[in-house]
Every structure is written in C-alpha cells, then in structure tokens.
Amino acid sequence: MSLTSTAPALTLPAAYGSCPYDPPPAYLEAAAERPLTRTALPDGSPCWLITGYQEVRAVLADARFSADARTPGFPFLSPGQRELATAKPSFIRMDDPEHARLRRMVTKDFLVKRIEALRPGIQRIVDEAVDRMLAKGAPADLVGDFALPVPSLVICLMLGVPYQDHDLFQSLSRTLLDNSTTHEQAARAHHELMSYLARLAADKQRKPGDDILSRLVARDDLTPQETASLGFLLLVTGHESTANMSAMCTLALLRDPKQATLLRERPELIPAAVEELLRHLTIIHLGLARVAKEPVEIAGTSLAAGDAVICMLSTANRDEGLFGPEGCTHPSQLDLTRDARRHLAFGFGVHQCLGQPLARAELHIILETLLRRLPGLRLAVPEEELEFSTGSIVYGVKALPVSW
C-alpha cells in the first residue's frame, strides 16, 4: 500500500475521536482492514503500522527488528525523543548483547518471588493513601491523591530514592514522556534527573542501604553513567505507567458498576480482571518502535532493511482472532471474566517489560483495596469533563475527581 492522505498519521492529539477510552479510531480502522498499513510519521517519513496480534508478536520476537534508537531508520514521534534517545539511550533502546547485559543487573529485583515479599509493604502504602484521602474528605483527585503517590512511594523504596523528592522526578518524567516536548526541554529534563541520580548514587557509595541503587553502585562492572541510566529508567517507568494504569482501571470500573460489583462480591477474580484491564486499556496507545535490520517478510508483505515499524499493542489487544472467539464478548468490550492472559500490554520478546510482576501486584492490591474500603466510590464530575493525556507516551487521565 502506498502512502496516501487517508493513511492514519501518527499525530497527537488529533488522532483521538469522541471516545477517549479506546485507541485512536484511525488505528482501529487500519487494523480492521489489514495487519500491516503503510503510513507516515509526524515528520513525514514513511513507516509501517503493525496492528494484528500475531504480526505484532512476530516483530517483537524477531531479532531482525532492532529496538536500538541509534539504528538508521528508527522511528520517533517527536524530535525531542529522537535527539535524546540517540545520544543517551537506556537499555530498552538497545539490542542484545548490550541490552541483556544491563537488564541482568536489575532482573533479580523484579522476580515474582521478590515482588511477592513486597506485598505487605505495598498494601501498607495503599492503605495509608486511602487513609489520607478519607481524612481529607471528598471530593478527591484519585490521580494526585492516590494513583500517583502509591507507585511513586513503592519505586522510591525499591530504588532508595527519598520520597520527598517526588515532585522533582514526577515533573521531569512528565516532560520526558510528552510527545510535544522539544529537544531542548527534553535535554534539560534528562540532564537534571540524571544529575540528581548521580548525586544520589554517590551518596549510596558512602552510605549504602538495602535498595537497588546501593546494589548497583557496589558493582564493579557498571560505569557511573550506566548506574545513573538504570536508575533513571526504573524511576521514570516505575511510577508513571502504574499511576496511569491504576487510575484508568478505576475509571473503567466506575463506568461499569456491574463489573465492579462482580469483583467486590468475588475478589478472587481480581488477578484475572487485572489481565483483562491491561488488555482492554493498553495504556501504551501509540505502540512500540522498531526498525528492520535486514529484508524480512511479515504477513506476506516484504519489508526492506531500514524500514520503520510501529507495533500497535492497543490494536493487537483488540484482535478478534484471539480475544473475540465465538461465544465471548467482542474484544472492544471490557469483560472481566475473559481469559486475557495472552495480551501484549507489557510487550513481547526479550524487551518485554521488566517490571510487570510489580505492576500486577500493585494493580491487584490497589483494586482490591479500593473496592473493599470505598464501596461508594463514584465520579464527582460529569464524565465529559475528564481530560486525557493524549500527548504522552503513556496514556491516562489527567485528573479523576471522585466522591464516596
């Protein structure tokens, strides 16, 4: 398919239609027609949109597609992302063996067994956040008063970052995740956050604790730059995505009281419900970027070396071929009884999200606690007044006013 004016351009926020809870309509329409669509990036350069479940999985598992931001042809949604990612890439923007070497440095801290041991501490953080909301009284902003502080506190404890600095790293994270951020703004935010983490790492060398940063600085196979970069990645991704996801999960249940009642009456369904919410919401609405390193064929379509691709996790997770078999609800619907375990919300392949055991544990505890302790939770404003972060890499609701 050749580039045309009707191809779904990766532009924001115009790509969103009247229903902000779903992926941009242009991508859903493209997915309904074919699993690969030739389109254009915001800068006009050509790109393949990969929208089918099997095709997205195939690309993400294929070493012939590079995740390295320095590879010629790698696609970016903004100039700020391009300049920063190519100059100072994190390990998620690297290929093996460089990617695997750095990822191994923190893998143990996110193993399921390690996260399970953290559950009592996470539960305490969640309960204390609810206590503060109740003491403050309704209405409250579930984003600012709950969804953002909870994962921020958790990742601060794991990394050894003082929580009193949360305003700094939250502000800088939002700048770095915003697709409208200029190169100059991104560079300033990156430098400020990296400098902060470098100073904190130096403090850990003098006075280590039982935390990830302390363990990283004690290694002799990491440079100071690599240590700060690992801390940077974990800090930014460790709070922003879970904060957005927990707020969107809560909103989804507020919009569908019958399913909220189901979970309240049958809390044993919550782990499976988390998987369905991850599938249905897929807050990485704009997908994962890759570039072909050599000629490759996907779904009968030939791609050349240097061809850019965007793997649309959001449309893959709505694929009727996998999530809409006969007798089940349509994949565009939220169905907390669906078996959604094969979803791609955390990606796939060697770059699959390292922190997914932590995210699952946090979401499980957050939903169970809110359903149990705030049975009367409801929106405090008309739904149409809600604003969504359509310009961010991580999709979410900007504020969620609630009463109970």
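Miscellaneous remarks
- Here is the list for the range 263-342: GluC sites (Glu not before Pro) lying in DSSP coil, each with at most 16 other C-beta atoms within 10 angstrom of its C-beta, are Glu326.
- With all protein chains in place and a 1.4 Å probe, the accessible surface of the chain carries 53 percent carbon and sulfur.
- Computed with a 1.4 Å probe over protein heavy atoms only, the accessible area of His166 comes to about 40 Å².
- Taking the chain and dividing mean pair separation by its residue count, relative contact order in percent (alpha carbons under 8 Å, at least six apart): 25 percent
- Gaussian network model of the chain, springs between alpha carbon atoms under 10 Å - residue of Pro331, Pro271, Pro257 with greatest fluctuation: Pro257
- Rounded to the nearest 10 Å², the accessible area of Phe76 at probe 1.4 Å: 10 Å²
- When the residues Met158, Met312 are ordered by accessible surface, computed with a 1.4 Å probe over the protein chains alone, the sequence from largest down reads Met158, Met312.
- Prolate/oblate/rounded label for the range 337-404 (Cα gyration tensor, a/c 1.5): oblate
- Looking at the chain, the accessible area is 44 square angstrom per residue; that uses a 1.4 Å probe and ignores ligands, DNA and RNA.
- Sum of side-chain charges, Leu263 neighbourhood, beta-carbon under 15 Å (Lys, Arg +1; Asp, Glu -1): 0
- Accessible-area rank, largest first, for Trp404, Trp48: Trp404, Trp48, with all protein chains present and a 1.4 angstrom probe.
- Net charge of neighbours whose Cβ lies under 10 Å from the Cβ of Thr71, counting Lys and Arg as +1 and Asp and Glu as -1: +2
- Selection from Ala69, Gly160, Ala299 lying farthest towards where the dipole of the chain points positive, charges on Cβ: Gly160
- Length-normalised contact order of the range 258-404 in % [C-alpha pairs under 8 Å, at least 6 apart]: 26 percent
- Scalar couplings 3J(HN,Hα) for the range 185-202, obtained by applying the Karplus form with A = 6.51, B = -1.76, C = 1.60 to θ = phi - 60°, are 5, 5, 5, 5, 5, 4, 4, 5, 6, 5, 5, 4, 5, 5, 5, 5, 4, 4 Hz; x denotes Gly and Pro.
- Max mean-square fluctuation residue, GNM over the chain, Cα-Cα springs under 10 Å, options Ile365, Ile298, Ile283: Ile298
- Annotation: amide H-H contacts under 5 Å for Gly306 (H modelled 1.01 Å from N, sequence separation of 5 or more, or interchain): Ala292, Lys293, Glu294.
- Scalar couplings 3J(HN,Hα) for the range 304-320, obtained by applying the Karplus form with A = 6.51, B = -1.76, C = 1.60 to θ = phi - 60°, are 8, 4, x, 6, 7, 9, 10, 8, 7, 4, 5, 6, 4, 6, 10, 5, 5 Hz; x denotes Gly and Pro.
- Using θ = phi - 60° and Karplus 6.51 cos²θ - 1.76 cosθ + 1.60, couplings along the range 228-239 (whole Hz; Gly, Pro as x): 4, 5, 5, x, 4, 4, 5, 5, 5, 6, x, 10
- Assuming charge only on the beta carbon of Lys and Arg (+1) and of Asp and Glu (-1), the dipole of the chain about its Cα centre is about 860 debye to the nearest 20.
- Across the range 83-185, the mean sequence separation of Cα contacts (distance under 8 Å, 6 or more residues apart), normalised by length, yields a relative contact order of 18 percent.
- Sequence-distant aspartates and glutamates (8 or more away, or on other chains) whose Cα lies within less than 15 Å of Lys293: Asp62, Asp68, Asp95, Asp96, Asp307
- Ranked by solvent-accessible area (1.4 Å probe, protein heavy atoms only, all chains present), the residues Glu384, Glu128 order from largest to smallest as Glu384, Glu128.
- Heavy atoms of Lys136 accessible to a 1.4 Å probe, total area in Å² rounded to 10: 130 Å²
- Most mobile listed residue (Ser246, Ser392, Ser45) in the chain, GNM with C-alpha springs under 10 Å: Ser45
- Cross-link reach list, lysines versus Lys108, counting only Cα pairs under 26 Å and skipping chain neighbours closer than eight places: Lys88, Lys204, Lys207
- Cα shape, the chain, gyration tensor, a/c 1.5 rule: oblate
- Net charge over other residues, Cβ less than 15 angstrom from the Cβ of Val350 (K, R count +1; D, E count -1): +3
The values are calculated or read from the model by the stated rules, or taken from the named source; none is laboratory data. Computed from a predicted structure; not experimentally measured. As a convention, Cβ positions derive from the backbone with ideal geometry for all residues, glycine included, and neighbour counts pool all protein chains shown. SASA here: full protein model, heavy atoms, side chains in, ligands and nucleic acids out. Shrake-Rupley method; radii C 1.70, N 1.55, O 1.52, S 1.80 Å.
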